[in-house]
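Peer 1: I'd like to ask some things about the structure below.
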Amino acid sequence: MSAATKEKEPLFSAKNRKLLTNPINLNNPITVQVLGICSALAVTAKLKPAFVMAVSVIVVTAFANLIISLLRNGIPPRIRIIVQLVVIASLVILVDQLLKAFVYDVSRQLSVFVGLIITNCIVMGRLEAFAMGNKPWPSLLDGIGNGLGYSLILIMVGFVRELFGSGTIWGYHVIPQSFYDLGYRNNGFMILPPMALIIVGIIIWIQRSRNPELVEEK
Amino acid sequence: MYSNAYIFRYAGIMVILVAAVLSAAAMLLKPMQERNEAVDKMTSILKAAGFEDVNAKNAIDLFNSTITNMIVINQDGEVVDDFTGAGKEKSKAFGLNLKEQLYNKSMKRPFELPIFKANKNGETIYIIPMRGVGLWGPVWGNIALRDDFNTVIGVTFDHKSETPGLGAEITTPIFTDQFPGKTLFDDNGKFVSIKVVKGGAANLDASMRNHAVDAISGGTITSNGVSDMIRNVLESYEPYIKKIG
Amino acid sequence: MQEIFSIFVKSIFVDNMIFAYFLGMCSYLAVSKTVNTSVGLGIAVVFVLGITVPVDYLLNEFVLKPGALAWLSKDFADVDLSFLSFIVFIAVIASMVQLVEMVVEKFSPALYSSLGIFLPLIAVNCAILGGSLFMQEREYQSLEQATAFGLGSGIGWFLAIVGIAAIREKIRYSHIPAPLRGLGITFIITGLMGIAFMSFLGIKL
């Protein structure tokens, strides 16, 4: 029975849509699953590198999930972790090479953090938790969904830090000169690394106030 | 369960496949990446020399038509290599690793440094690439000098990871526009470099005012790094300048 | 010598893996609930960083760098394998972790049982791969410098995780707004610790 019903299941059934949307809020990889904070926050001082990083992570999680899910029945369990690492590392190298060839100045800003996508726990975590046991299409969606959830936080942090830290968005000045004339100053503090952590802390606070089921037990 | 033979076969095929894909990608994209790097370097050199309208498209042509000599000198100021042909990005001077050479200098070992001679509207100018350390990582740049090897025409700076809004401001015109017209040597021909001074260059003695620019407020360590970089790099050219002058 | 000391101190306090680059945050957040376990993980990280960074340095110097293979024969002087560095570094880290685990198990069962589950976890700790990548990017000039950097970064990470664990042990008795409990407050405290660590920026070595 399962073969017949599964074939009929539409590509964007309610279940599959959930795979895509759940990680964006209720099961967000950063604020709820606590995965993949490492390589991310250092690139959020400006919106543009944060955006490029976000796209790179979506590409890597999606394709890593897809590839591992296609291979899942042939991977010998004993070398599972190594196979996963090799797939991830190869994808990351491809992304890095493409960035260097086509958007050179952004790749210089990201420097080593592209390489760190390899040890980004989101990718590994989703491979272990999802792709190893699911079909390719749901795995691809799960990868994209988790990548999006991660991107959302990254872009929020990047937006706040660039707006208050430099008075610009995407490099364009948005805070009018008249504000500065009235005594408004860019908050140089926002640009320093520790503020990224504090902003994520506040995002978690807001999210958990709105979704009380996420609050941790004492 | 999977047999050992299967595991080895699996691993072997995977390694070959991955290696093939990655090498192919690296080989295909390599020319573009190298071009990007060369263009970036050339743009910075040309900007220092005062070519404002240089961009990624015309950088290579403009570089090859304006730069006449790609010279390499050694620690005693002797010319080791003088490249004048076409395809300047292949010259020894262009490929020299500044960081390695400056490290050799700090260890009191022999070193070689590049200097680019250019022809801008009939005037001969010299451009010297620089490299040093800021707050978080390396800072680098280029300085263009008149043929008296004394007066600055222009500078560019760049950095890896200085604090945006503070130290990173060294790349902006607010900082770099202070340099043109400053001089490296005092009236007696002694090398004094150009200092980045906190609290304003205007408050200095008249004799020093020509050898100093204002630091970036809030970017003290980066400013000091730039100051040290200019002195450290340019003093290595003193023997060469003495020889030529 | 002075250079090496300066790299060592800088990598502990100024370029701190956690506070300046957020590397190794996942295990930092997950394991910092008590001081005891964080000391164990911290020591393991110092250990592994102290070994993998020099090993990766040698590999980078003699295999991966453009022209690095010139010592084999003149024909290889143009070979540039640097595009393979990610995969080589992660392979070195994974196998080093395995090796360290076996050595520790053989010679010091006591240490092994206290490090226990943390050793395998370290293979996917971003701080370890980050250490090797920073080493490559900053182009350290000698093996000593690379080792000093590896050890220093490890000790910096150790300090950070033990510090936050001590604070989290105490904070359990404080009255924190419910949505902020756990993860949220840990992020904010880490941020504040980072600000405190920034005062080390003024160190001139």
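Peer 1: Does A:LYS100 qualify as being in contact with a helix residue (DSSP H, G or I) (Cβ under 9 Å, 6 or more places away or on another chain) and surrounded by fewer than 18 Cβ atoms within 10 Å (Cβ to Cβ)? Full working, then the answer.
Peer 2: Numbers: in contact with a helix residue (DSSP H, G or I) (Cβ under 9 Å, 6 or more places away or on another chain): yes; surrounded by fewer than 18 Cβ atoms within 10 Å (Cβ to Cβ): no.
For A:LYS100, the condition - in contact with a helix residue (DSSP H, G or I) (Cβ under 9 Å, 6 or more places away or on another chain) and surrounded by fewer than 18 Cβ atoms within 10 Å (Cβ to Cβ) - is not met.
Peer 1: Okay, moving on. Can you name the condition, by its number, that C:GLN141 falls short on among (1) within 30 Å of C:PHE86 (Cα to Cα); (2) part of a helix (DSSP H, G or I)?
Peer 2: Evaluating C:GLN141 over (1) within 30 Å of C:PHE86 (Cα to Cα); (2) part of a helix (DSSP H, G or I) leaves (2) as the failure.
Peer 1: Filter region C:26-38 for residues that are within 13 Å of another protein chain (Cβ to nearest Cβ), open to solvent by 10 Å² or more (accessible area, probe 1.4 Å) and not in a helix (DSSP H, G or I) and give the result.
Peer 2: Result: C:LYS33, single match.
Peer 1: Any residue at all in region C:68-77 that's out of contact with any Gly (no Cβ under 9 Å at 6 or more places or on another chain), more than 18 Å from B:GLY137 (Cα to Cα) and at pLDDT 85 or above?
Peer 2: No, region C:68-77 has no match at all.
Peer 1: Give the number of residues within region B:97-123 that are aliphatic (A, V, I, L, M), surrounded by fewer than 18 Cβ atoms within 10 Å (Cβ to Cβ) and away from chain C (no Cβ under 13 Å).
Peer 2: The total comes to 0.
Peer 1: Of A:ILE75, A:ILE81, A:ILE68, which residue is crowded, with 22+ Cβ neighbours inside 10 Å, out of contact with any Asp or Glu (no Cβ under 6 Å at 6 or more places or on another chain) and over 23 Å from C:TYR21 (Cα atoms)?
Peer 2: After applying the criteria, what remains is A:ILE68.
Peer 1: What number of residues in region B:1-20 are open to solvent by 80 Å² or more (accessible area, probe 1.4 Å) and either at pLDDT 85 or above or in contact with a Leu (Cβ under 9 Å, 6 or more places away or on another chain) (or both)?
Peer 2: Number of matching residues: 6.
Peer 1: Just to be sure, is B:GLU89 of a type in the set (Asp, Glu), at the interface with another protein chain (Cβ under 10 Å from one of its Cβ atoms) and either under 18 Å from the mean Cα position of the chain (by Cα) or open to solvent by less than 40 Å² (accessible area, probe 1.4 Å) (or both)?
Peer 2: For B:GLU89, the condition - of a type in the set (Asp, Glu), at the interface with another protein chain (Cβ under 10 Å from one of its Cβ atoms) and either under 18 Å from the mean Cα position of the chain (by Cα) or open to solvent by less than 40 Å² (accessible area, probe 1.4 Å) (or both) - is not met.
Peer 1: Out of all the residues in region A:113-126, which are part of a helix (DSSP H, G or I), buried (at least 21 other Cβ atoms within 10 Å of the Cβ) and within 12 Å of another protein chain (Cβ to nearest Cβ)?
Peer 2: Within region A:113-126, A:PHE113, A:GLY115, A:LEU116, A:ILE117, A:CYS121, A:ILE122, A:VAL123, A:MET124 qualify.
Peer 1: Within region C:169-191, work out how many residues are within 9 Å of chain A (Cβ to nearest Cβ), out of contact with any Pro (no Cβ under 7 Å at 6 or more places or on another chain) and not in a loop (DSSP other than H, G, I, E, B).
Peer 2: Total meeting the criteria: 11.
Peer 1: Of all residues in region B:42-59, count the ones that are modelled with pLDDT under 85, hydrophobic (A, V, I, L, M, F, W, C) and either open to solvent by 40 Å² or more (accessible area, probe 1.4 Å) or not in a helix (DSSP H, G or I) (or both).
Peer 2: Number of matching residues: 3.
Peer 1: Identify all residues within region B:97-154 that are in contact with a Gly (Cβ under 8 Å, 6 or more places away or on another chain) and among the polar types (S, T, N, Q); write none if there are none.
Peer 2: Within region B:97-154, just B:THR151 meets the criteria.
Peer 1: The conditions are (1) open to solvent by 50 Å² or more (accessible area, probe 1.4 Å); (2) at pLDDT below 90, and C:LEU58 fails exactly one of them. Which is it?
Peer 2: Condition (2) is where C:LEU58 drops out.
Peer 1: A:GLU162 fails exactly one of the following numbered conditions: (1) of a type in the set (Asp, Glu); (2) facing another protein chain (nearest Cβ under 9 Å); (3) open to solvent by 40 Å² or more (accessible area, probe 1.4 Å). What is the number of that condition?
Peer 2: In the conditions (1) of a type in the set (Asp, Glu); (2) facing another protein chain (nearest Cβ under 9 Å); (3) open to solvent by 40 Å² or more (accessible area, probe 1.4 Å), A:GLU162 misses (3) alone.
Peer 1: Among the numbered criteria (1) in contact with an Asp or Glu (Cβ under 9 Å, 6 or more places away or on another chain); (2) under 26 Å from B:GLU100 (Cβ atoms); (3) of a type in the set (A, V, I, L, M, F, W, C), which single criterion is violated by B:LEU29?
Peer 2: Looking at each condition in turn, B:LEU29 falls short on (1).
Peer 1: How many residues are under 12 Å from C:CYS126 (Cβ atoms) and out of contact with any Ser or Thr (no Cβ under 6 Å at 6 or more places or on another chain) if we restrict to region A:91-116?
Peer 2: The total comes to 2.
Peer 1: Now, a different point. Might you let me know whether region A:74-88 holds any residue that is at pLDDT 90 or above and farther than 15 Å from A:ASN120 by Cβ?
Peer 2: No, region A:74-88 contains no residue that is at pLDDT 90 or above and farther than 15 Å from A:ASN120 by Cβ.
Peer 1: If we scan region B:59-69, do we find a residue that is over 28 Å from B:PRO173 (Cβ atoms) and away from chain A (no Cβ under 12 Å)?
Peer 2: yes
Peer 1: Could you tell me how many of the residues in region A:89-126 are among the hydroxyl-bearing types (Ser, Thr, Tyr) and modelled with pLDDT of 80 or more?
Peer 2: 3
Peer 1: What is the residue count in region C:65-98 for residues that are over 26 Å from A:MET124 (Cα atoms) and assigned to a helix (DSSP H, G or I)?
Peer 2: Here the count works out to 9.
Peer 1: I would also like to ask the following. Which condition from (1) of a type in the set (Ser, Thr, Tyr); (2) touching a residue at least 60 places away in the same chain (Cβ under 8 Å); (3) over 27 Å from A:VAL157 (Cβ atoms) is the one that C:TYR173 breaks?
Peer 2: (2)
Peer 1: Identify, from the list C:LEU41, C:LEU23, the residue that is buried (at least 21 other Cβ atoms within 10 Å of the Cβ) and more than 12 Å from every other protein chain (Cβ to nearest Cβ).
Peer 2: C:LEU41
Peer 1: Further question: For A:GLY74, all conditions in the list (1) within 12 Å of chain C (Cβ to nearest Cβ); (2) outside any helix (DSSP H, G or I); (3) among the small types (Gly, Ala, Ser) hold save one; what is the number of the exception?
Peer 2: (1)
Peer 1: Here is a follow-up. Quick test for you: out of C:LEU84, C:LEU64, pick the one residue that is closer than 25 Å to B:VAL18 by Cα, within 14 Å of chain A (Cβ to nearest Cβ), open to solvent by less than 20 Å² (accessible area, probe 1.4 Å) and of a type outside the set (Val, Ile, Thr). Can you show your working first?
Peer 2: Working: C:LEU84 fails: open to solvent by less than 20 Å² (accessible area, probe 1.4 Å).
Unique residue meeting the criteria: C:LEU64.
Peer 1: May I pose another question? I need the full set of residues from region A:197-208 which are closer than 26 Å to B:GLY219 by Cα and more than 7 Å from chain C (Cβ to nearest Cβ), in order please. Walk me through how you get there before you give the answer.
Peer 2: Taking region A:197-208 and keeping what is closer than 26 Å to B:GLY219 by Cα, we get A:197-199.
Residue satisfying the conditions is A:ILE199 alone.
Peer 1: Continuing with this model, one more query. For A:VAL59, which of the numbered conditions (1) within 14 Å of chain C (Cβ to nearest Cβ); (2) closer than 30 Å to B:GLY137 by Cα; (3) assigned to a helix (DSSP H, G or I); (4) of a type in the set (A, V, I, L, M, F, W, C) fails to hold?
Peer 2: Of the numbered conditions (1) within 14 Å of chain C (Cβ to nearest Cβ); (2) closer than 30 Å to B:GLY137 by Cα; (3) assigned to a helix (DSSP H, G or I); (4) of a type in the set (A, V, I, L, M, F, W, C), the odd one out for A:VAL59 is (1).
Peer 1: Answer with yes or no whether A:LEU94 is within 13 Å of chain C (Cβ to nearest Cβ), surrounded by fewer than 22 Cβ atoms within 10 Å (Cβ to Cβ) and either touching a Gly at 6+ places or on another chain (Cβ under 8 Å) or part of a helix (DSSP H, G or I) (or both).
Peer 2: yes
Peer 1: Give the residue that is surrounded by the fewest Cβ atoms within 10 Å (Cβ to Cβ), with candidates limited to residues of region B:28-41 that are more than 11 Å from A:ALA101 (Cβ to Cβ) and within 9 Å of another protein chain (Cβ to nearest Cβ).
Peer 2: To start, the set of residues in region B:28-41 that are more than 11 Å from A:ALA101 (Cβ to Cβ) comprises B:38-41.
Subset that is within 9 Å of another protein chain (Cβ to nearest Cβ): B:39-40.
Numbers: B:VAL39: 20, B:ASP40: 16.
Within region B:28-41, the match that is surrounded by the fewest Cβ atoms within 10 Å (Cβ to Cβ) is B:ASP40.
The values are calculated or read from the model by the stated rules, or taken from the named source; none is laboratory data. Keep in mind it's a predicted model, so treat the numbers as computed, not measured. Ideal geometry is used to build each Cβ from the backbone, glycine not excepted, and the neighbour counts take in all protein chains shown. Only protein heavy atoms, including side chains, enter the accessible area calculation; ligands, DNA and RNA are left aside. Shrake-Rupley method; radii C 1.70, N 1.55, O 1.52, S 1.80 Å.
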